[in-house]
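Chemist: For reference, the structure I am asking about is given below.
The values are calculated or read from the model by the stated rules, or taken from the named source; none is laboratory data. Model, not experiment: these values are computed from the prediction. Every residue, glycine as well, gets a Cβ built from its backbone with ideal geometry; the counts of neighbours run over all protein chains shown. What goes into the accessible areas is simple: the full protein's heavy atoms, side chains included, and nothing from ligands, DNA or RNA. Shrake-Rupley method; radii C 1.70, N 1.55, O 1.52, S 1.80 Å.
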Amino acid sequence: MVKKIALEEHFLAPGLVDVWRPTMADVPAAVTEALYRQLTDFGDRRLEAMDKAGIEKAVLSISGPGVQAVRDPATATRLAREANEFLAEQIAKRPDRYAGFAHIAVQEPRAAADELERSLRDLKFCGAMINGHTNGLYLDDRSLDPFWERAQALGAVIYLHPTD
């Protein structure tokens, strides 16, 4: 079988549960809870599903909406950093099976650039995943130039994901 690397393999970090739950308001409670269990599992259940699908490695990224739904820039920046720390801890347990895309709060472009660099350099993530807009601010807005300039200087992979 061809070895596969799966992208867009979502997870949920503890600090973002309260941001995620409102997006599930119209979903039956049993489905929401089953999805929650899947998104917070980094052990046997996720690994068995990967094995069944022939996936050798999963690049994990935060489940939407993540910090893109957070209005306060300082809170968004803190939550993104905490999510990245949490993901790095999970990857460290199974580096043979997991890699990570950093979660980035573009609400503060310079802080976002710093977090991207830290995530690549210190946490050894393979890139970042960012939603298409943050509170209505699209990724081509000139205010985000400091982030994009750093991403370019780093040669960073940026995976663009539709916003909820």
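Chemist: Looking at (1) among the aliphatic types (A, V, I, L, M); (2) open to solvent by 50 Å² or more (accessible area, probe 1.4 Å); (3) assigned to a helix (DSSP H, G or I), find the lone condition where Leu47 falls short.
Modeler: Evaluating Leu47 over (1) among the aliphatic types (A, V, I, L, M); (2) open to solvent by 50 Å² or more (accessible area, probe 1.4 Å); (3) assigned to a helix (DSSP H, G or I) leaves (2) as the failure.
Chemist: Consider Asn84 carefully, then state whether it is touching a strand residue (DSSP E or B) at 6+ places or on another chain (Cβ under 8 Å) and within 17 Å of Leu154 (Cβ to Cβ).
Modeler: For Asn84, the condition - touching a strand residue (DSSP E or B) at 6+ places or on another chain (Cβ under 8 Å) and within 17 Å of Leu154 (Cβ to Cβ) - is met.
Chemist: Does Arg118 count as free of Cβ contacts under 8 Å to residues at least 40 places away in the same chain and in contact with a Phe, Trp or Tyr (Cβ under 8 Å, 6 or more places away or on another chain)?
Modeler: It is false that Arg118 is free of Cβ contacts under 8 Å to residues at least 40 places away in the same chain and in contact with a Phe, Trp or Tyr (Cβ under 8 Å, 6 or more places away or on another chain).
Chemist: Next question, about the same structure. Go through the range 109-164 and count every residue that is acidic (Asp, Glu), under 30 Å from Arg94 (Cα atoms) and either open to solvent by 20 Å² or more (accessible area, probe 1.4 Å) or modelled with pLDDT under 95 (or both). Give the steps one after another, and end with the answer.
Modeler: Keep residues of the range 109-164 that are acidic (Asp, Glu), which gives 114-115, 117, 122, 140-141, 145, 149, 164.
Checking which are under 30 Å from Arg94 (Cα atoms) leaves us with 114-115, 117, 122, 164.
Filter again for either open to solvent by 20 Å² or more (accessible area, probe 1.4 Å) or modelled with pLDDT under 95 (or both), leaving 114, 117, 122, 164.
Of the residues in the range 109-164, 4 are acidic (Asp, Glu), under 30 Å from Arg94 (Cα atoms) and either open to solvent by 20 Å² or more (accessible area, probe 1.4 Å) or modelled with pLDDT under 95 (or both).
Chemist: Report yes if Gly64 is within 20 Å of Val157 (Cβ to Cβ) and part of a loop (DSSP other than H, G, I, E, B), otherwise no.
Modeler: yes
Chemist: Now for a different question. Taking Ala92, is it touching a residue at least 24 places away in the same chain (Cβ under 8 Å), surrounded by fewer than 23 Cβ atoms within 10 Å (Cβ to Cβ), more than 13 Å from the chain's Cα centre (by Cα) and outside any strand (DSSP E or B)?
Modeler: Considered against the rule, which asks whether it is touching a residue at least 24 places away in the same chain (Cβ under 8 Å), surrounded by fewer than 23 Cβ atoms within 10 Å (Cβ to Cβ), more than 13 Å from the chain's Cα centre (by Cα) and outside any strand (DSSP E or B), Ala92 comes out as no.
Chemist: Determine whether the range 10-24 contains at least one residue that is among the polar types (S, T, N, Q) and over 21 Å from Val157 (Cα atoms).
Modeler: yes
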